[in-house]
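Coordinate-derived values only; no laboratory data. Predicted model, so just to flag it, every value in this text is computed and none were measured. Neighbour counts run over all protein chains shown; Cβ positions are idealised from the backbone, glycine included.
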Amino acid sequence: MLALTIAATSPSNEIAAQPQLAGDVLSRPDWGRSLFCLWRDSGYGTGSWELAGWLFRDGERLALARWPGTRSAYQERWSGPVPGDAVALVHTHPGNVDPRPSEGDRATARALGLPVLAVSRGGVFTALPDGRVLREGGDTWYLAFPASGCSS
């Protein structure tokens, strides 16, 4: 579950302006590696905590700005404005919860007008602002990304 205290209006990013992000994250090794490393650092979903961050596009490169981790059970918190150049919000799901975006995740996508990605052992799921949910990868998506590719 994500807990957001938004101190400013959400950015006006439209999903149509970022077609490569929706359903195409794992096809680019650097993008997939960023998500894998976040999931690795969450304990591969073995704990009860989530990690989260904002995704930004730097040309063809995807950049992940992690939130300060609270290590709270089943949630992560952000307080402040949504970065104006964010193209998505990403967070991990623990292994003992549904890997798909929760109703709260879908509501956050609608409220922010940004995709919300949930990363778990079951794949990478994207809740789009229009209510659709896309799944990338299957139960073995993470095998394409060796842990040695993550910085500590």
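Starting with the highest mean, order 110-120, 38-48, 133-143 by the number of other Cβ atoms within 10 Å, averaged over the residues of each peptide.
110-120, 38-48, 133-143
In region 63-132, what chymotrypsin sites (Phe, Trp or Tyr not before Pro) fall in a loop by DSSP, with at most 14 other Cβ atoms inside 10 Å?
Here the chymotrypsin sites (Phe, Trp or Tyr not before Pro) that fit, given the DSSP loop and packing criteria, are Y74.
Quick check on region 14-145: of the DSSP beta bridges with both residues there, what percent are antiparallel, nearest 5%?
85 percent
Show me the ranking of peptides 100-108, 54-62 by mean Cβ neighbours inside 10 Å, starting with the highest.
Order by mean packing, descending: 100-108, 54-62.
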